1. Between Lys256 and Gln284, what is the FRET efficiency for a Förster distance of 35 Å, r being their Cβ-Cβ separation, to the nearest 0.05?
2. Which of the pairs Lys179/Lys244; Lys212/Lys244; Lys65/Lys191; Lys140/Lys179 have their Cα atoms more than 25 Å apart in this structure?
3. Could you give each residue of segment 249-263 its phi-based ³J(HN,Hα) in whole Hz, using Karplus coefficients 6.51, -1.76, 1.60 with θ = phi - 60°, and x for Gly or Pro?
4. Under a point spin-label approximation (7 Å from Cα along Cα-to-Cβ), what is the Ala163-Ser2 distance to one decimal in nm?
5. Any idea of Ser46's accessible area? Nearest 10 Å², probe 1.4 Å.
6. Restricting to the chain, compute how many DSSP beta bridges are antiparallel as a %, nearest 5.
7. So how do Phe131, Phe136 rank on accessible area, 1.4 Å probe, biggest first, that is with the largest at the start?
8. Just subtract the alpha-carbon distance of Arg142 and Tyr130 from 0.36 nm times their residue separation and send over the number in nm, one decimal.
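The values are calculated or read from the model by the stated rules, or taken from the named source; none is laboratory data. Keep in mind that what you see is a predicted model, and the values were worked out from it rather than measured. All Cβ positions, glycine included, derive from the backbone under ideal geometry; neighbour counts span all protein chains shown. We work out accessible area using only protein heavy atoms, side chains counted, and drop any ligands, DNA or RNA first. Shrake-Rupley method; radii C 1.70, N 1.55, O 1.52, S 1.80 Å.
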Amino acid sequence: MSAGTLYLCATPIGNLEDITIRVLRILKEVNLIAAEDTRRTRKLLSYYDIHTPLTSFHRHNYRKKGVYILNLLLEGQSVALVSDAGLPGIADPGEEMVLLAVAHDIPVVPVPGPNAALAALVASGLPAKYFCFEGFLPSKARARQERLRQLQTEGRTLIFYEAPHRLPETLADMLVFFKNRKIVVARELTKLHEEIWRGTIVQAVTYFDPVKTRGEFTLVVAGSTEPDSTVFGTVKISEPAVEKNILGQVRQLEDKGLAKQEAIRQVARQYNLSRREVYALVIQAKNGRKVEK
Ligand code: SAM
């Protein structure tokens with residue numbers, strides 16, 4: 001018996017009209033659709049009146065589910081893989097399913113379409129001829145800072161995915177390692193509240209409020225133009241945007257229930273500052289010294 005085919009079907013990153021005719025046909029024809037987020041995919045399928053059986057395939061079940069899907073493919077069934085949005089295999093476990101299929105000589109067919117990284121890049125106004133896709137930075141501060149340090153001398157335009165709750169920390173870290181380069185923050189692409197914000201990293205730190213930031217974000221950052229951009233030095237605490245961000249993050253940690261001292265300790269560590277420096281800033285702000293908004 002010949003094996004079935006694994007189709008990698010791109011789905012909209014927001015606007016449901018961003019789907020190809022071929023993807024719609026394949027989603028109708030396959031035996032099974034394996035979706036990263038079944039709720040989101042069900043909405044798409046019902047919009048297009050598609051009734052193909054659906055199963056979940058995400059980062060918490062991809063090992064077990066991968067074997068299940070592999071067996072169906074080996075039996076000759078065809079499966080369409082879709083991620084929660086965009087092209088499966090980019091910053092999601094789709095890659096694992098492809099590795100498994102390739103290892104078992106199963107035909108893998110890409111059915112291209114929307115992708116957040118490329119949509120953000122082409123609209124950014126930053127050089128798009130050469131670029132470097134980084135996906136999500138590590139969530140742990142130390143690992144994230146190490147990755148940014150490694151990227152300091154990268155001359156190509158850099159693209160990152162980021163979750164809204166981590167955006168302030170990421171921008172603060174980028175300020176340390178990339179200094180005040182140009183950045184484009186592509187928010188909610190193809191959706192009602194689409195925003196393509198262009199500015200510098202310092203301006204972004206000020207603009208994106210640590211508390212109110214919502215939505216899906218792709219960051220496009222100018223590559224290094226410095227011959228030796230590793231010699232950037234440390235961030236100056238006197239920078240108003242940095243002050244505002246430091247205070248915002250202390251407040252955010254306190255809101256989560258951390259004691260002031262612990263919040264100060266964590267933020268100081270993140271910025272490579274002493275606790276005393278951050279404490280002084282908090283006290284100054286409390287005593288009414290103007291911190292620029
Ligand atoms: N496979 C997807 C693709 O091809 O674009 C990416 C999946 S990744 C798990 C999800 C991340 O993509 C989000 O956290 C966000 O950073 C970015 N993203 C997805 N949709 C977006 C949108 N509409 N606007 C901006 N960024 C988006």
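1. On the way: r = 23 Å, r/R0 = 0.66.
Efficiency at R0 = 35 Å is approximately 0.95.
2. Working: Lys179/Lys244 16 Å; Lys212/Lys244 14 Å; Lys65/Lys191 31 Å; Lys140/Lys179 21 Å.
Pairs exceeding the cut-off: Lys65/Lys191.
3. So the J values, rounded to whole Hz, are 6, 4, 5, 4, 5, 5, 4, 7, x, 6, 5, 3, 4, 5, 4.
4. Each label point lies 7 Å from its Cα, and together they span 4.3 nm.
5. 90
6. Around 45 percent of the beta bridges assigned by DSSP in the chain are antiparallel ones.
7. So, going from the largest accessible area down, we get Phe136, Phe131.
8. Details: separation 12, 0.36 × 12 = 4.32 nm, distance 2.80 nm.
Value of the extension gain: 1.5 nm.
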